[in-house]
Each structure stands twice: as structure tokens, then as C-alpha cells.
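**Q** Questions regarding the structure given below will be posed in turn.
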Amino acid sequence: MKPVTADRISLNTATVKAQWGLAECIEGAARHGFGGISPWRDVLAEMGTTAAARAIRDAGLAVSGLCRGGWYTAEGALTQAVMDDNRRAVDEAAELGAACLVMVVGGLSEGSKDLPAARAIVAEGLARTLEHARGAGVPIAIEPLHPMYAADRACVNTTAQALDLCDALGEGIGLALDAYHVWWDPELAAQIARAGRERLLAFHVCDWLVPTRDLLTDRGMMGDGVVDLKGFRGMVEAQGFEGLVEVEIFSARDWWARDADEVLATVAARCLEHC
């Protein structure tokens, strides 16, 4: 495998969300020689999609993904507000020229304990969003989340579950695989092979710390935890994945408290060594 030099890195804006807005992320990613950026929609809204798209183009950056659509089980099941928001997310991704729209699909509906029902709602929501996304030319990327988030964030928790949805829904949908969420999966290698090149849409890295002090905001910098990131990248690239290595670190106790330029310099060095 080729080493992960800075130009192969995409900065997910969550990595420095406590320090920088989107304009600073764009400028900083370019200054550190990164090849791309992946905005979250909250910072995109603050800057404005049109202004952000122009700034990203001017900086010479690719958009490895837009985070995020989904949450189909919020506010009940497939409310008009939820579906309208997903339509807007598709349009934003199209304007940015994003490689995909990343979907965090939603957990249990409020008051429910019916996980199969939640997954059925998600399947319907994805199908309806796909109708618009195909016309807009925006690939949809399901991000399976660690099972600890099944109740409140995503009821799709394994690569196999995500691929079952892709099989059922057809063209225009694939996977966003995040090391933090799927590194533990005993079927990971087989399911990545099942996905194949066409359905591997995004590849996110960080590390799993031992112990993990917070289930949401204590992700590790690459090399500080237990994930075999080089092995993971080898599996996706063996299928022909040629996208950017997207770094997404939620770190309230550590990296969000540091100077953002220090964080980006560390990202580049750690990707080269550990990814």
C-alpha cells in the first residue's frame, strides 16, 4: 500500500469542531496540504452552502462526504420535517460536489422498544431519499454505528446490516465505514469484500482507546488505541477503494482542547505512521 501522505487525508470538521468554524477548517486543511474536507451540516449552515462550495473549490480541496443525513426515526416516524431535511441534505451535498452523503439513520423511535420496526422505518426513509438523491447524482452512504448507539443514534450496526439494505434498495447507495464503529466486527473482512468497489463510498479513521472514558466524545488519535488501521485500509483498498482517508475524531478531553494547527499536524504524522 502507498503511505497516507497529507494529500490523501480529508479533514472531517468534527475533528476540530471546538476550535474552528468551516472557513477556518477549509483554510487549515489546505495549508496543511490535505486533499479534502468533510463538513458537518451545522458548520455548513453557518457559512452557507454556496459560499462554502466556492471556498472549497478555491482551496483545491475535494469533498469526501457531507455529514450527515438520516435520523429517520426522529420526531416519530418519517415526519415531513425529517424527510424535508434529508432532501435538503442531498441538495447541499450536490452543490458541494460531495463524494457521498453520509447517513446516520436513527435509533429507536421515542418510547419504542421495537428494534425491527425502527429498521423498517429506516429502510423506507432511505428508499424515499434515494428517489431524490439519484436524480441529484448524490451517492448515499449508510454509516453503520457501534451497537452501543442502537437505541439513540443508529439501529444499523454492522456492515452486513448496511449491505442488506443496499441489496434491497439498489443503485446509488453504499457504505461509509468508520474504524471506530466497525473495527470489532468478526465479519468485517468478508463484508468489505461483499461490498466491492462500487459500494465503498467513504473510509473514516480514528482509534479506539482503552479505556474509553466517554462513549461519544473520547475517540483516539490514530496510534493511541487498539485498531489495526493499516489492516483496515488494506481491506478497503484491496477492493479498489481510491478515496481519501477521512479523519474524524470526537475528543472533548484531549484533541478539542488543543491548538487546531497542532491537531492537524498530528493527524498528518499519525496517518503516515499508523494508517
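The values are calculated or read from the model by the stated rules, or taken from the named source; none is laboratory data. Worth saying up front: this structure is predicted, and the values here are computed from it rather than measured. Glycine also receives a Cβ, built like all others from the backbone with ideal geometry; neighbour counts cover every protein chain displayed.
**Q** Out of everything in segment 165-188 that is in a helix (DSSP H, G or I) and under 19 Å from the mean Cα position of the chain (by Cα), what residue ends up being nearest to Met235 (Cα to Cα)?
**A** The selected residue is Leu188.
**Q** Also, quick follow-up: For residues that are touching a helix residue (DSSP H, G or I) at 6+ places or on another chain (Cβ under 6 Å), farther than 26 Å from Ala151 by Cβ and either of a type outside the set (A, V, I, L, M) or assigned to a strand (DSSP E or B) (or both), tally how many sit in segment 204-231.
**A** Final tally of qualifying residues: 1.
**Q** Of the conditions (1) out of contact with any Cys (no Cβ under 7 Å at 6 or more places or on another chain); (2) in contact (Cβ under 8 Å) with a residue 24 or more places away in the chain; (3) over 24 Å from Thr217 (Cβ atoms), Gln19 satisfies every one except a single condition; which number is it?
**A** For Gln19, the failing item is (3).
**Q** Next question. Only one of (1) more than 25 Å from Ile192 (Cβ to Cβ); (2) at pLDDT 95 or above fails for Val105. Which number is that?
**A** For Val105, the failing item is (1).
**Q** Okay, moving on. Name the single residue that is nearest to Phe241 (Cα to Cα) among those in segment 136-164 being in a loop (DSSP other than H, G, I, E, B) and among the charged types (D, E, K, R).
**A** Glu143
**Q** Hey, another quick one. Tell me, yes or no, whether segment 228-250 has at least one residue that is without any contact (Cβ under 8 Å) to a residue 40 or more places away in the chain and surrounded by 15 or more Cβ atoms within 10 Å (Cβ to Cβ).
**A** No, every residue in segment 228-250 fails to be without any contact (Cβ under 8 Å) to a residue 40 or more places away in the chain and surrounded by 15 or more Cβ atoms within 10 Å (Cβ to Cβ).
**Q** What is the number of the single condition among (1) more than 23 Å from Ala150 (Cα to Cα); (2) surrounded by 16 or more Cβ atoms within 10 Å (Cβ to Cβ); (3) of a type in the set (A, V, I, L, M, F, W, C) that Met103 does not meet?
**A** The one condition Met103 does not meet is (1).
**Q** Do we have any residue at all in segment 123-132 that's of a type in the set (A, V, I, L, M), without any contact (Cβ under 8 Å) to a residue 24 or more places away in the chain and on the phi < 0 side of the Ramachandran plot?
**A** The answer is no; no qualifying residue exists.
**Q** Something else about it: Filter segment 105-134 down to the residues that are part of a loop (DSSP other than H, G, I, E, B), among the aliphatic types (A, V, I, L, M) and within 16 Å of Ala81 (Cα to Cα) and list them by number.
**A** Val105 - this is the single residue of segment 105-134 that is part of a loop (DSSP other than H, G, I, E, B), among the aliphatic types (A, V, I, L, M) and within 16 Å of Ala81 (Cα to Cα).
**Q** Restricting to segment 14-64, what's the tally of residues that are part of a loop (DSSP other than H, G, I, E, B) and at negative phi?
**A** 12
**Q** Within segment 40-60, can you find the residues that are more than 30 Å from Leu115 (Cα to Cα) and either touching a helix residue (DSSP H, G or I) at 6+ places or on another chain (Cβ under 6 Å) or crowded, with 23+ Cβ neighbours inside 10 Å (or both)?
**A** Result: Val43, Leu44, Met47, Thr49, Ala52, Ala53, Ala55, Ile56, Ala59.
**Q** Restricting segment 238-275 to residues that are assigned to a helix (DSSP H, G or I) and in contact with a Leu (Cβ under 8 Å, 6 or more places away or on another chain), which is nearest to Ala18 (Cα to Cα)?
**A** The extreme case among them is Leu264.
**Q** Out of (1) part of a helix (DSSP H, G or I); (2) farther than 22 Å from Cys275 by Cβ, the odd one out for Ala193 is which?
**A** (2) is the only condition that Ala193 fails.
Results for (1) out of contact with any strand residue (DSSP E or B) (no Cβ under 9 Å at 6 or more places or on another chain); (2) closer than 20 Å to Thr159 by Cα; (3) modelled with pLDDT of 95 or more, shown as yes or no for each residue.
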position: Glu187; (1), (2), (3): yes, yes, yes
position: Gly231; (1), (2), (3): yes, yes, yes
position: Val236; (1), (2), (3): no, yes, yes
position: Val267; (1), (2), (3): no, no, yes
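**Q** Taking the options Thr49, Thr13, name whichever one is touching a Phe, Trp or Tyr at 6+ places or on another chain (Cβ under 9 Å) and β-branched (Val, Ile, Thr).
**A** Matching residue, one of Thr49, Thr13: Thr13.
**Q** Looking at Val210, is it crowded, with 18+ Cβ neighbours inside 10 Å and over 15 Å from the mean Cα position of the chain (by Cα)?
**A** It is false that Val210 is crowded, with 18+ Cβ neighbours inside 10 Å and over 15 Å from the mean Cα position of the chain (by Cα).
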